[in-house]
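Colleague: This is the structure I have questions about; it appears just below.
The values are calculated or read from the model by the stated rules, or taken from the named source; none is laboratory data. Note that the structure is predicted; figures quoted are calculated from it, not measured. Methodologically, a virtual Cβ is constructed for each residue, glycine included, from the backbone with ideal geometry; neighbour enumeration extends over all protein chains shown. Accessible surface areas use protein heavy atoms only, side chains included; no ligands, DNA or RNA. Shrake-Rupley method; radii C 1.70, N 1.55, O 1.52, S 1.80 Å.
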Amino acid sequence: MSKPRIAFFDFSCCEGCQLQVLNCEDELLDLLALVDIVQFREAMTEADWNFDIAFVEGSITREQDEPRLKKIREAAKLVIAIGACSGMAGINAIRNAMPVDKAKEIVYGNKKDAFESTFARPIDTVIKVDGYIPGCPIDRKDFLRTVQALLVGKKPPDHDYPVCQECRLRENECLLTVGIPCMGPITRGGCDAIEPTFGSPCIGCRGLVSEANIESCKQMLEKHGLTIEDISKYMTIFNSFQKEEKHA
Amino acid sequence: MPDHDIHVHYVTRVEGHGDIVCKTNNGVVEKAEFNVVEAPRFFEAACVGRAHYEIKDIVTRICGICACGHALASLRASEAAMSIEPSEQTVDLRKIVLHGETIQSHFLHTYFLAAPDFLGVGSVIPLASSHKDVVVRALKLKKLGNDISETIVGRHVHPITLKINGFSKLPDPAALKAIQKRVIEALPDIEATVDLFSTIKVPELYRETEYISLGPTNGDKEYPFYDGDIISSLGQSYRPSNYQQVCNEEVDPKHTAKLCKHKAPSYQVGALARFNNNYNLLRPEAKKIAEKLNLKAPNHNPYNITMAQVVEAVHVAYDLIDLIDKVLTKGIKEENNKYQPKAGTGAGAVEVPRGILFHSYKYDSNGICQWADCVIPTTQNVRNINEDMKTLVPTIIGKSQEEVSLLLQMLLRAYDPCISCSTHLINVRFE
Ligand code: SF4
Ligand code: SF4
Ligand code: SF4
Ligand SMILES: [Fe+2]
């Protein structure tokens, strides 16, 4: 039986998520035994358009990105969005808060009109996506778990519970108790609460937990005398892309 | 003589999106250039209006490969703007972090991005079966760099604990000691890397250019990565706050992007520029390796950037051992890293793996960013790469199209360009 063929593609992003894949140093050779990597521009020259799973990194910011993304969709059986840039426009969406023209002017002054750029959007505004690996960057273990699931035909894991859950398992001292606002209560887990583990607040890079779970978060926050607003200080770093922008 | 018509779309094994175009007509070079086709990302705009404590977490996302370097240049700029002087312990730990990134990035580049060309393959993947020992060694060395980051900053992409004026969590001394042990144990692997690269003959190209890097401040004896003045090989030095006089970024009406220029028509930054400018400050262990690789300063062949990275990796490995000793001997102490935001403008200059990086911010009295500027190594190298290509093509014009294309790609890869990093470098199309 031939091995599943996987390919990596990148749009507007820092390529940190692809680097996280290369950073799976201990597992990389085992992974290569299970799958054939047929495209990975950051690391290889070979490029083959015959593949089963496409991992797509980065946001869509220009019209010219769309045909390339659609070509990937046509070629792949499954398209998985990797990273916050791809899944929710992430850091690239900060500038959506200001008119594109203003952003260009800040960076390029009176030469601003030479650059083609639109709002930063997640890839699912252009094509259908079969799964998401959230995070900025993606978590290596989460990536490997997802590949494992996909290889046996299962859905990728969905961590629809707050970061706090994993934070408590790691027995971290809660930052809220020392007066540091942390987005853990409303942010999706799956990262082993890495920020709080290193003494730093969660800034929400994995996106928000679903509506259903927000309710219980509110109650949890009330015990600290806090509201969602109090901990949403960092909301606009990764979560500024509004759903209603999607089809605007 | 056959004419060449080369267009390499999205050059592989480089970070970000760039094209190479080369056209010759009756043996005359009409075009030989590197075009950047990366999408704009507007980081300077994204910083405006953000609080001082958020800036680092935003700008590290400029680039995954140089994430720690961006974090450090950013913190240095914020600290300069708010007149904050971090402690010696903070500075030493930051130097270790930067060394970790240099190790990880130099081995990623030398083994995964550059070496396949020399071994005649398209990527490291076929090597996993044909040269398994080499791949295992490469992964091990790269992992060492990563684990250094993980120990001190939580993860390499994107570093967590690095903060203005200190760390959100200090590393465990035992973990640091364990890292030091692993660096010592890695020395034979590094030696084997040197042996591998000493068998490689890089393509020929000779073009004198201007080299810009950090240089020692006030007779400092350290090969500078984290600290120092900005120096040019054509003689002149500047304080980091005057970085704009060095890079002279301009939006070129013809090239539709910001390009840099100092004294010469173009300048080079990166491992070879540092090697050429600061050779005397290299550790003796690294100088020995340079000799073994036949690399003498100054060297004017840009293909040797890869070799200079090997030399630097050796320097950094030995330096890490000493730096960790210093930190552990003094003992890691909890420090008060509180600070008061205040109005001001400041710049930070740090040598990241691909060359000198500048960040600069202006804050208001509440520590809200009013203006930001980031000048990335690859931005500074673009003009130089194009000058190199123009010099190279006439010397290889008689070769086959495949060979010319490969040599041009190898030249670009030697610069280890970080294109998604180049916030300004948008749609550079040399007409
Ligand atoms: S999600 Fe974050 S780490 Fe991943 S590519 Fe985007 S900016 Fe980089
Ligand atoms: S609020 Fe933050 S620190 Fe507290 S438990 Fe949740 S994730 Fe951890
Ligand atoms: S702790 Fe928060 S910011 Fe950090 S990786 Fe997890 S979700 Fe992202
Ligand atoms: Fe970079």
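Colleague: For region A:165-185, which residues satisfy the criterion of being open to solvent by less than 40 Å² (accessible area, probe 1.4 Å), more than 10 Å from ligand 3 (Cβ to nearest atom) and assigned to a helix (DSSP H, G or I)?
Modeller: Hits for region A:165-185 are A:L175, A:L176, A:P185.
Colleague: Same structure, new question: Looking only at region A:186-196, decide whether some residue is away from every other protein chain (no Cβ under 14 Å), over 22 Å from A:G83 (Cβ atoms) and open to solvent by 20 Å² or more (accessible area, probe 1.4 Å).
Modeller: no
Colleague: Further question: What's the number of the only condition in (1) open to solvent by less than 30 Å² (accessible area, probe 1.4 Å); (2) within 13 Å of ligand 3 (Cβ to nearest atom) that A:V129 fails to meet?
Modeller: Only one criterion in (1) open to solvent by less than 30 Å² (accessible area, probe 1.4 Å); (2) within 13 Å of ligand 3 (Cβ to nearest atom) is unmet by A:V129, namely (2).
Condition check ((1) within 16 Å of ligand 1 (Cβ to nearest atom); (2) more than 14 Å from chain B (Cβ to nearest Cβ)) across all residues:
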site: A:D142; (1), (2): yes, no
site: A:Q165; (1), (2): no, yes
site: A:R170; (1), (2): no, no
site: A:V178; (1), (2): no, no
site: A:P181; (1), (2): no, no
site: A:F198; (1), (2): no, no
site: A:V209; (1), (2): no, yes
site: A:T236; (1), (2): yes, no
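Colleague: Test B:K258 against the stated conditions and say whether it is at pLDDT below 95, closer than 24 Å to B:P417 by Cβ and of a type outside the set (G, A, S).
Modeller: Answer is yes for this residue.
Colleague: May I ask you to list the residues in region B:155-194 that are within 14 Å of chain A (Cβ to nearest Cβ), free of Cβ contacts under 8 Å to residues at least 24 places away in the same chain and either surrounded by fewer than 20 Cβ atoms within 10 Å (Cβ to Cβ) or closer than 30 Å to B:N294 by Cα (or both)?
Modeller: B:S168, B:K169, B:D172
Colleague: Something else about it: The conditions are (1) away from ligand 4 (no atom under 16 Å from the Cβ); (2) within 8 Å of chain A (Cβ to nearest Cβ), and B:E30 fails exactly one of them. Which is it?
Modeller: (2)
Colleague: Evaluate region B:121-130: report whether one residue or more is in a strand (DSSP E or B) and open to solvent by less than 10 Å² (accessible area, probe 1.4 Å).
Modeller: The answer is yes, given that some residue of region B:121-130 is in a strand (DSSP E or B) and open to solvent by less than 10 Å² (accessible area, probe 1.4 Å).
Colleague: Sort out which residues of region B:195-206 are in contact with a Leu (Cβ under 6 Å, 6 or more places away or on another chain) and either within 14 Å of chain A (Cβ to nearest Cβ) or part of a loop (DSSP other than H, G, I, E, B) (or both), and write them in order of number.
Modeller: Within region B:195-206, B:P203, B:L205 meet the criteria.
Colleague: Do you know which of the residues in region B:135-154 that are closer than 17 Å to B:A178 by Cβ and facing another protein chain (nearest Cβ under 7 Å) is surrounded by the fewest Cβ atoms within 10 Å (Cβ to Cβ)?
Modeller: Filtering first and then ranking leaves B:K143.
Colleague: Considering only residues that are in a strand (DSSP E or B) and not β-branched (V, I, T), which ones fall in region B:23-50?
Modeller: Passing the criteria: B:K23, B:N25, B:E30, B:K31, B:A32, B:E33, B:F34, B:N35.
Colleague: May I ask you to list pairs of residues, at least six apart or on different chains, whose Cβ atoms are under 6 Å apart, with the first in region A:78-89 being in contact (Cβ under 8 Å) with a residue 12 or more places away in the chain and the second being part of a helix (DSSP H, G or I) and among the small types (G, A, S)?
Modeller: Between residues of region A:78-89 that are in contact (Cβ under 8 Å) with a residue 12 or more places away in the chain and residues that are part of a helix (DSSP H, G or I) and among the small types (G, A, S), the close pairs are A:A81/A:G87; A:A84/A:G90.
Colleague: Given the conditions (1) within 28 Å of B:R283 (Cβ to Cβ); (2) crowded, with 22+ Cβ neighbours inside 10 Å; (3) among the acidic types (D, E), which single one is not true for B:D325?
Modeller: So the condition that B:D325 fails would be (2).
Colleague: Identify all residues within region B:391-416 that are farther than 12 Å from B:I20 by Cα and in contact (Cβ under 8 Å) with a residue 24 or more places away in the chain; write none if there are none.
Modeller: Those that are farther than 12 Å from B:I20 by Cα and in contact (Cβ under 8 Å) with a residue 24 or more places away in the chain: B:T391, B:L392, B:V393, B:P394, B:T395, B:I397, B:G398, B:S400, B:Q401, B:A414, B:Y415, B:D416.
Colleague: Given (1) within 16 Å of ligand 2 (Cβ to nearest atom); (2) open to solvent by 20 Å² or more (accessible area, probe 1.4 Å), identify the lone condition not met by A:F119.
Modeller: Failing condition for A:F119: (1).
Colleague: Next question. Take B:S105 and decide whether it is away from every other protein chain (no Cβ under 12 Å) and on the phi < 0 side of the Ramachandran plot.
Modeller: no
Colleague: A follow-up question, please. Within region B:331-358, take every residue that is within 14 Å of the chain's Cα centre (by Cα) and within 14 Å of another protein chain (Cβ to nearest Cβ) and give me the one that is farthest from ligand 2 (Cβ to nearest atom).
Modeller: The qualifying residue farthest from ligand 2 (Cβ to nearest atom) is B:R354.
Colleague: Being β-branched (V, I, T) and over 15 Å from the mean Cα position of the chain (by Cα) is the filter; apply it to region A:174-201 and report the residue that is nearest to A:P162 (Cα to Cα).
Modeller: Ranking the qualifying residues of region A:174-201, first place goes to A:I186.
Listed here are the residues, each with its yes/no results for (1) touching a residue at least 24 places away in the same chain (Cβ under 8 Å); (2) within 14 Å of chain A (Cβ to nearest Cβ); (3) under 16 Å from the mean Cα position of the chain (by Cα).
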site: B:E210; (1), (2), (3): yes, no, no
site: B:S213; (1), (2), (3): yes, no, yes
site: B:D220; (1), (2), (3): no, no, no
site: B:Y223; (1), (2), (3): yes, no, yes
site: B:G235; (1), (2), (3): no, no, no
site: B:E249; (1), (2), (3): yes, yes, no
site: B:V269; (1), (2), (3): yes, no, yes
site: B:Y279; (1), (2), (3): no, no, no
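Colleague: Looking at (1) closer than 30 Å to A:I94 by Cα; (2) more than 16 Å from ligand 3 (Cβ to nearest atom); (3) crowded, with 24+ Cβ neighbours inside 10 Å, which is the only condition B:T60 fails?
Modeller: (2)
Colleague: Follow-up question, since we're still on this one. Going through B:H106, B:H4, B:H9 one at a time, which residue ends up being within 25 Å of the chain's Cα centre (by Cα) and surrounded by 20 or more Cβ atoms within 10 Å (Cβ to Cβ)?
Modeller: B:H106
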